[in-house]
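S.K.: The structure's right below; bear with me while I get my questions together.
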Amino acid sequence: MAEQETPVQDLSKYDARVELERLATQLAKANRAYHTEDAPDISDADYDRLKQRNARIEAAFPDLKRADSPTDQVGAPVAEGFGKVRHEIRMMSLSNAFDDSEIMAFDQSIRRYLGLKDDDPLAYTAEPKIDGLSLALRYEKGALVQAATRGDGVVGENVTANARTIGDIPTRLEDAPEILEVRGEVYMSHADFADLNGRQAAKGAKTFANPRNAAAGSLRQLDAAITRDRPLRFFAYSWGVLSAPLADTQTGAIQRLQDLGFQTNPLTLRCTGPAEMVAHYQMIETMRATLGYDIDGVVYKADDLDYQSRLGFRSTTPRWAIAHKFPAELAWTRLEAIDIQVGRTGALSPVARLTPVTVGGVVVSNATLHNEDYIAGRDASGAPIRDGKDIRVGDWVQVYRAGDVIPKVADVDLGQRRKDATPYPFPTHCPECGSDAIREEGDAVRRCSGGLICPAQAVEKLKHFVSRAAFDIEGLGAKQVEQFYTDGWIAEPADIFTLKDRYGSGVQQLKNREGWGEKSAQNLFDAIDDKRAIPLGRLIFSLGIRHVGEVVANLLARSYGTWGAFVTAIDAAQDRESEHWAGLTGIDGIGTVVATALVSSFAQEAERASIDRLVAHLDVQEAERPQTEGSPVAGKTVVFTGTLDRMTRAEAKARAEALGAKVSGSVSAKTDLLVAGPGSGSKETKARDLGVEIIDEDGWLDLIEGT
């Protein structure tokens, strides 16, 4: 049975450091086994899970990121015995997606980055992701002069002699650019793999575990004669160094490679959007078993090469491409029960209790059921999912797990449903405190109305309060908070800061509790004292107000500067006709939903009293201000409207805020400057009526030039 991993949010800083060291060691070993030794010792799904867990821990503890972080690595160092080749353009890896919603999010992220509207045309290519070995082929004046494996992305192995033996790789090209580096995948077909293993077994030689291992091991032979005897194939799908462009689009470039004599995948398709991309993915998935070679997903790329250039790269992956992986981890098991968990915002979350089953090397006994609509076989709008099949206790269900994500129930086998099975009655009262569980219009979940009287909400709010992005008190994690709450030591955040006064001496002392000693107790008290001085953004986030995440909390902190100004504004914003309400909702990125949540929380007597008791123990630090010396817009309120041609709205906003300006989403008497592009409409009209200074995009760029 696999060891249960501690959720990232429950890790202490020490535990996180140890875990990152473990993951770095394990992933380095897996990389060497896969890329250097051609003998992988874990599954691709487990590798993805470990790498995603590493990334999540790094996001939660950015100061603990290691110099040898797996996040910044591609492949593995080259093996001894091969000459080394430094790639002129780094060979990158791809970020992964595991469900359709992530593809929609990928499309939206590209549109936001490029400043495209939802109805603006944006095409992609979709092609099978070959499970083989990456290879870069360099041609000069039409002649193949070098072939190199990916290696660690920067330095690969020189396998030129071996590549010349592969029939799919031309040794000479006609009408090619003077310098052309073609990139693609070396693979072995299923039939050739079976034939090779048969021949290997007949002569008592080593057989291979799968076609990918066979292809990699065959290409990386020190004796090219052995490679020549192996049935290797090659698909071209990309390029590196070019002396002249191949085409204006990915589609055109792939066609050009085919015209030059390279094999390109016939299932590559140009798609006009996510719906077509996912449809092609589904079609390829149904053909997967009959293709004759291994694939593990579908790769999507922005088709326009100018867009690819603008989108650029992250540290190890391009922004313009993503791999939609196939669900490698599926299993069927019995749904024994459905439990309801209550979160810090009162959300009632259903959890499937399963007969334990091994899914991708991990024993799974729980899975998320999302919400009552998901159980009933419909989405939030009432449309059927799973062909309308509901989920019932006792059902035989398909469990899906991909990467480091919570397992999900993906399907139900109605043929094995018990005759006495009845639809699941989703509770209308909180199982923790008995309060009404209400589902508001537009909300996908049902929520407990008990607030602070609900023990589940109280505990979850405390866990959130001590989380990494909030107070992050060393030695006081989710487990300690839960135990202190159960024992009556902590009921609300303010109690944390009186813990030493109440349990630092006397009969009942922290140092006398099981698992604690004098040193650890004193360390905790010191850590608590250290966090009495807290940045404004962290404090706002720590309150656990619905819809107020890290980004929103820091946005509010920058906008109001001090706790006093923030509280005064939120209190005054209870009047929806006031300038404070207009000012709150006018902050770019703060809408009526967030504003309503803030005002409602501070207006609740019990919750407000709890907040006031907390702040009495704190030194709330002013929000950090950007260095704005010489800035022409420092302290001014700026509104952007209309179309910007030379930058996206996000770029303009970020630049203005970096110069010390406050960016608002609406024009008011407090607006100092309106930057208006074509189609500015009512905002420009209102600005003229109020006498606000108006400039166009060129005027804005001239204004901030040199700052």
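S.K.: So if I check each of Glu178, Glu127, which one is among the acidic types (Asp, Glu), touching a residue at least 40 places away in the same chain (Cβ under 8 Å), crowded, with 18+ Cβ neighbours inside 10 Å and within 20 Å of Leu305 (Cβ to Cβ)?
M.R.: On the way: Glu178 fails: crowded, with 18+ Cβ neighbours inside 10 Å.
Going through Glu178, Glu127 in turn, just one is among the acidic types (Asp, Glu), touching a residue at least 40 places away in the same chain (Cβ under 8 Å), crowded, with 18+ Cβ neighbours inside 10 Å and within 20 Å of Leu305 (Cβ to Cβ): Glu127.
S.K.: What are the residues in region 274-302 that are of a type outside the set (Phe, Trp, Tyr) and modelled with pLDDT of 95 or more, if any?
M.R.: First pass over region 274-302, keeping only residues of a type outside the set (Phe, Trp, Tyr): 274-280, 282-292, 294-299, 301-302.
Across region 274-302, the qualifying residues are Pro274, Ala275, Glu276, Met277, Val278, Ala279, His280, Val298, Val299, Lys301, Ala302.
S.K.: Moving on. Select from region 123-182 the residues that are more than 26 Å from the chain's Cα centre (by Cα) and among the β-branched types (Val, Ile, Thr) and list them in ascending order.
M.R.: Matches in region 123-182: Val145, Thr149, Val155, Val159, Thr160, Thr165, Ile166, Ile169, Thr171, Ile179, Val182.
S.K.: Here's a follow-up. Out of the helices (runs of 4 or more DSSP H) lying entirely within region 500-615, which hold 1 or more residues that are over 27 Å from Leu476 (Cα atoms) and not assigned by TED's automatic domain parsing to the domain that holds Gly660? Quick ask: steps written out before the conclusion?
M.R.: Working: elements: 518-530, 536-542, 550-560, 563-572, 579-586, 592-603, 605-615.
In region 500-615, 550-560, 563-572, 579-586, 592-603, 605-615 are the helices (runs of 4 or more DSSP H) which contain 1 or more residues that are over 27 Å from Leu476 (Cα atoms) and not assigned by TED's automatic domain parsing to the domain that holds Gly660.
S.K.: Which of the residues that make up region 535-571 are modelled with pLDDT of 90 or more and of a type in the set (S, T, N, Q)?
M.R.: Scanning region 535-571 gives Ser542, Thr562, Thr568.
Here is a yes/no grid of residues against (1) touching a residue at least 40 places away in the same chain (Cβ under 8 Å); (2) in contact with a strand residue (DSSP E or B) (Cβ under 9 Å, 6 or more places away or on another chain); (3) β-branched (Val, Ile, Thr):
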residue	(1), (2), (3)
Asp100	yes, yes, no
Asp120	no, no, no
Leu133	yes, yes, no
Gly142	no, yes, no
Ala148	yes, yes, no
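S.K.: Show me the strands (runs of 3 or more DSSP E) found entirely inside region 223-321 where at least 3 residues are crowded, with 20+ Cβ neighbours inside 10 Å and either out of contact with any Lys or Arg (no Cβ under 7 Å at 6 or more places or on another chain) or touching a residue at least 40 places away in the same chain (Cβ under 8 Å) (or both).
M.R.: Details: elements: 233-242, 269-271, 295-302.
Correct list: 233-242, 295-302.
S.K.: A further question follows. Considering (1) closer than 22 Å to Arg532 by Cα; (2) out of contact with any strand residue (DSSP E or B) (no Cβ under 8 Å at 6 or more places or on another chain); (3) among the β-branched types (Val, Ile, Thr); (4) crowded, with 16+ Cβ neighbours inside 10 Å, say which one Ile590 fails and leave the rest.
M.R.: The one condition Ile590 does not meet is (1).
S.K.: Looking at (1) within 23 Å of Ala367 (Cα to Cα); (2) without any contact (Cβ under 8 Å) to a residue 40 or more places away in the chain; (3) loosely packed, with under 15 Cβ neighbours inside 10 Å, which is the only condition Glu482 fails?
M.R.: If we test Glu482 against (1) within 23 Å of Ala367 (Cα to Cα); (2) without any contact (Cβ under 8 Å) to a residue 40 or more places away in the chain; (3) loosely packed, with under 15 Cβ neighbours inside 10 Å, just (3) comes out false.
S.K.: Out of Ala214, Ala176, Ala205, Ala161, I need the residue that is among the small types (Gly, Ala, Ser), over 25 Å from Asn31 (Cβ atoms) and outside any loop (DSSP other than H, G, I, E, B). Which one? Lay out the reasoning, then the answer.
M.R.: Details: Ala214 fails: over 25 Å from Asn31 (Cβ atoms); Ala176 fails: outside any loop (DSSP other than H, G, I, E, B); Ala205 fails: outside any loop (DSSP other than H, G, I, E, B).
Of the residues listed, the single one that is among the small types (Gly, Ala, Ser), over 25 Å from Asn31 (Cβ atoms) and outside any loop (DSSP other than H, G, I, E, B) is Ala161.
S.K.: Taking only region 81-103 into account, find how many residues are in a loop (DSSP other than H, G, I, E, B) and more than 18 Å from Gly153 (Cα to Cα).
M.R.: Taking region 81-103 and keeping what is in a loop (DSSP other than H, G, I, E, B), we get 81-83, 87-95, 98-99.
Okay, now just the ones that are also more than 18 Å from Gly153 (Cα to Cα), so 81, 98-99.
Total satisfying the criteria: 3.
Rundown of residues vs (1) in a helix (DSSP H, G or I); (2) closer than 30 Å to Asp530 by Cα, yes/no style:
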residue: Val620; (1), (2): no, yes
residue: Met647; (1), (2): no, no
residue: Thr671; (1), (2): no, no
residue: Lys686; (1), (2): yes, no
residue: Asp689; (1), (2): yes, no
residue: Asp702; (1), (2): yes, no
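S.K.: Which condition number in (1) closer than 22 Å to Lys636 by Cα; (2) within 28 Å of the chain's Cα centre (by Cα) is the one that Ala573 fails?
M.R.: (2)
S.K.: Additional query: Among the residues of region 670-707, count how many are small (Gly, Ala, Ser), closer than 11 Å to Val639 by Cβ and touching a helix residue (DSSP H, G or I) at 6+ places or on another chain (Cβ under 8 Å). Don't jump to the end; show me each part of the working.
M.R.: Taking region 670-707 as the starting set, the residues that turn out to be small (Gly, Ala, Ser) are 676-677, 679-682, 687, 691, 699, 706.
After this cut, where a residue has to be closer than 11 Å to Val639 by Cβ as well, the list is 676, 680, 687.
Okay, now just the ones that are also touching a helix residue (DSSP H, G or I) at 6+ places or on another chain (Cβ under 8 Å), so 676.
Selection size over region 670-707: 1.
S.K.: Now for a separate question. State yes or no: is Phe471 outside any helix (DSSP H, G or I), in contact with a strand residue (DSSP E or B) (Cβ under 8 Å, 6 or more places away or on another chain), under 29 Å from Ala521 (Cα atoms) and modelled with pLDDT of 90 or more? Write out each step before concluding.
M.R.: Details: outside any helix (DSSP H, G or I): yes; in contact with a strand residue (DSSP E or B) (Cβ under 8 Å, 6 or more places away or on another chain): yes; under 29 Å from Ala521 (Cα atoms): yes; modelled with pLDDT of 90 or more: yes.
Yes, satisfied.
S.K.: What pairs come up if the first residue lies in region 632-653 and is in contact (Cβ under 8 Å) with a residue 40 or more places away in the chain, the second is among the hydroxyl-bearing types (Ser, Thr, Tyr), and their beta carbons are under 8 Å apart, counting only those six or more places apart or on different chains?
M.R.: These pairs meet every condition: Pro632/Thr707; Val639/Ser664; Val639/Ser666; Val639/Thr671; Thr641/Ser680; Gly642/Ser680; Thr648/Tyr113; Ala650/Tyr113.
S.K.: So, one more: Any residue at all in region 465-475 that's closer than 30 Å to Leu369 by Cα, touching a His at 6+ places or on another chain (Cβ under 8 Å) and of a type in the set (A, V, I, L, M)?
M.R.: yes
S.K.: Here's a check for you: in region 69-91, which residue that is out of contact with any strand residue (DSSP E or B) (no Cβ under 9 Å at 6 or more places or on another chain) and modelled with pLDDT under 75 is nearest to Leu242 (Cα to Cα)? Before the answer, list the steps.
M.R.: Here is the first cut: in region 69-91, the residues out of contact with any strand residue (DSSP E or B) (no Cβ under 9 Å at 6 or more places or on another chain) are 69-74, 76, 80.
Now drop any that are not modelled with pLDDT under 75, which leaves 71-74, 76, 80.
Details: Thr71: 28, Asp72: 26, Gln73: 25, Val74: 22, Ala76: 26, Glu80: 30 Å.
Top of the filtered list is Val74.
S.K.: Looking at Thr149, Thr207, which is the one that is at pLDDT below 85, of a type in the set (Ser, Thr, Tyr), assigned by TED's automatic domain parsing to the domain that holds Leu122 and closer than 27 Å to Arg288 by Cβ? Spell out how you get there, then give the answer.
M.R.: Details: Thr149 fails: at pLDDT below 85.
Going through Thr149, Thr207 in turn, just one is at pLDDT below 85, of a type in the set (Ser, Thr, Tyr), assigned by TED's automatic domain parsing to the domain that holds Leu122 and closer than 27 Å to Arg288 by Cβ: Thr207.
The values are calculated or read from the model by the stated rules, or taken from the named source; none is laboratory data. Since the structure is predicted, the reported quantities are computational estimates derived from the model, not experimental observations. Every residue, glycine as well, gets a Cβ built from its backbone with ideal geometry; the counts of neighbours run over all protein chains shown.
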